[in-house]
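Data block below; observations after.
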Amino acid sequence: MTDVTHGVLHTLFHSDQGGHEQVVLCQDRASGLKAVIAIHSTALGPALGGTRFYPYANEEEAVADALNLARGMSYKNAMAGLDHGGGKAVIIGDPDRIKSEELLLAYGRFVASLGGRYVTACDVGTYVADMDVVARECRWTTGRSPENGGAGDSSVLTAFGVYQGMRASAQHLWGDPSLRGRKVGIAGVGKVGHHLVEHLRAEGAEVVITDVREEAVGRILAAHPDGVTAVADTATLIRVENLDIYAPCALGGALNDDTVPALTATVVCGAANNQLAHPGVEKDLADRGILYAPDYVVNAGGVIQVADELHGFDFDRCKAKAAKIYDTTLAIFARAKTDGIPPAAAADRIAEQRMAEARTAL
């Protein structure tokens, strides 16, 4: 069932994203499944991370994304205080064209073959209904529907955690966690972004949104005729005057050599994974006086939820854990100030320390 090509092997052995424990590739010709699972670390426990379904240009690009995302999950789970390492899966292809029950069942068998080293969940291109199908072949599946023993949509607590990260950023920078009267720009109002709008409007923040999907923008504007405006694209959003907070909530790489110099916001705090396009961007942000709340810290509400599902889901317990993202974010800012480093580096140090201590205890 597994098919590895020479080109992909070349990518794996020459990647600069090292440190991964295991990378597995799978091809099921009958269903059209082509997938990659990357396990970065199991020092804290079984690797936990979602399944991304995306039309990658080639296998090398898919492997690179899986490696990046898996590493990010190790750090995210460590900072969230979970007893899980980091892993990630990607399914190659356009989900609108090739996703099928047969393909998802084949994928479930693929995950099950790892014997619990990797626990999967939803991500870009996959949904609760998909995880219900995967779970028919694999017991190491979270993010399922309540009807099938799961917790349902994890984007609710992901948005809540990002909101707590924004409150912590406001407390650190302005001495008050309130977001009332602040102007917040959200790029991407899909799964997580639309819940984030709800939190911000409930507190009285002014919100500016953009999304590549006109229908997503239309739904938000219809629900919030006051206090929410839309702009054409992200390039326009990041240049909005008097923007206090910029929240990237779509795909990664939002903070790069082009966008950072153009930002008007003084805080970046969003739900997207891997927001820093390359090493050094975190220093560019700091040099401009922009406070960056590390993405994998503030967007951990979802993984907190799916991890809890493995032990019998309790929403109130999960929300209480997600609320601690506020304290964790403040601790990172304090560590960054003490060590004289950007917050992203401070978060990495804290996460790496927890993983190292876990390895020593083995």
Can you pull the Kirkwood radius for segment 197-253, inverse mean 1/r over Cα pairs, to one decimal in Å? 12.0
Can you list which of the GluC sites (Glu not before Pro) found in segment 204-265 are DSSP loop residues with at most 13 other C-beta atoms within 10 Å? Glu241
With θ set to phi - 60° and the Karplus curve 6.51 cos²θ - 1.76 cosθ + 1.60, what are the ³J(HN,Hα) couplings of segment 203-210 in order, to the nearest whole Hz, using x for Gly and Pro? 8, x, 7, 8, 10, 10, 10, 8
If you put +1 on each Lys and Arg Cβ and -1 on each Asp and Glu Cβ, how big is the dipole of the chain around its Cα centre, in Debye rounded to 20? 700
Debye, to nearest 20: dipole size of segment 214-333, +1 on Lys, Arg Cβ, -1 on Asp, Glu Cβ: 260
Sorting Ile209, Gln305, Ala247 by the position of each Cα along the dipole of segment 204-362 (Lys, Arg +1; Asp, Glu -1; all at Cβ), the one nearest the positive end of that ordering is Gln305
From the phi angles alone, apply the Karplus equation (6.51, -1.76, 1.60; θ = phi - 60°) to segment 135-146 and give each ³J(HN,Hα) in whole Hz, x where the residue is Gly or Pro. 5, 5, 10, 8, 6, 8, 10, 10, x, 7, 6, x
Applying 1/(1 + (r/R0)^6) with R0 = 35 Å to the Cβ-Cβ distance of Arg288 and Asn58, what FRET efficiency is obtained, to the nearest 0.05? 0.50
From the mean inverse distance of alpha carbon pairs (Kirkwood) and the Cα radius of gyration, derive Rg over Rh for segment 71-182. 1.08
Which percent, nearest 5, of DSSP beta bridges in the chain are antiparallel? 30
What list of ³J(HN,Hα) couplings, whole Hz, do you get for segment 37-45 from phi and the Karplus terms 6.51, -1.76, 1.60, once you set θ to phi - 60° and write x for glycine and proline? 10, 10, 10, 7, 8, 10, 4, 8, x
log₁₀ of I(q)/I(0) at q = 0.15, 0.19 Å⁻¹ - segment 190-345, Debye sum with one point per alpha carbon: -0.88, -1.30
Residue-normalised value, i.e. accessible area per residue, for the chain at 1.4 Å probe, in Å², stands at 42
A correct Stokes-Einstein calculation for segment 174-226, using the alpha-carbon Kirkwood radius, 37 °C and 0.692 mPa s, returns a whole-number D in µm² s⁻¹ of 289
Dimensionless Rg/Rh of the chain - Kirkwood Rh, Rg from C-alpha atoms: 0.95
Computed over segment 254-362, Kirkwood Rh from alpha-carbon pairs, angstrom: 15.3
Filter Lys76/Lys183; Lys283/Lys337; Lys34/Lys191; Lys34/Lys76 down to the pairs with a C-alpha to C-alpha distance above 20 Å, please. Lys76/Lys183; Lys34/Lys191; Lys34/Lys76
If unit charges are put on Cβ atoms (+1 for Lys and Arg, -1 for Asp and Glu) and the dipole of the chain is taken about its Cα centre, the option from Met166, Gly227, Met131 lying farthest towards the positive end turns out to be Met166
Taking N as the number of residues in segment 144-243, what value does Rg over Cα atoms divided by 2.2 N^0.38 Å take? 1.14
Would you work out what percent of the accessible area of the chain, with all protein chains in place, is carbon or sulfur (probe 1.4 Å)? 50
Would you mind putting 263-271, 69-77, 334-342 in packing order, based on average other-beta-carbon counts within 10 Å, highest first? 69-77, 263-271, 334-342
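The values are calculated or read from the model by the stated rules, or taken from the named source; none is laboratory data. This is a predicted model, so every value here is computed, not measured. Cβ coordinates were reconstructed from backbone atoms using ideal geometry, including for glycine residues, and neighbour counts include every protein chain displayed. Note: areas computed on protein heavy atoms with side chains; ligands, DNA, RNA excluded. Shrake-Rupley method; radii C 1.70, N 1.55, O 1.52, S 1.80 Å.
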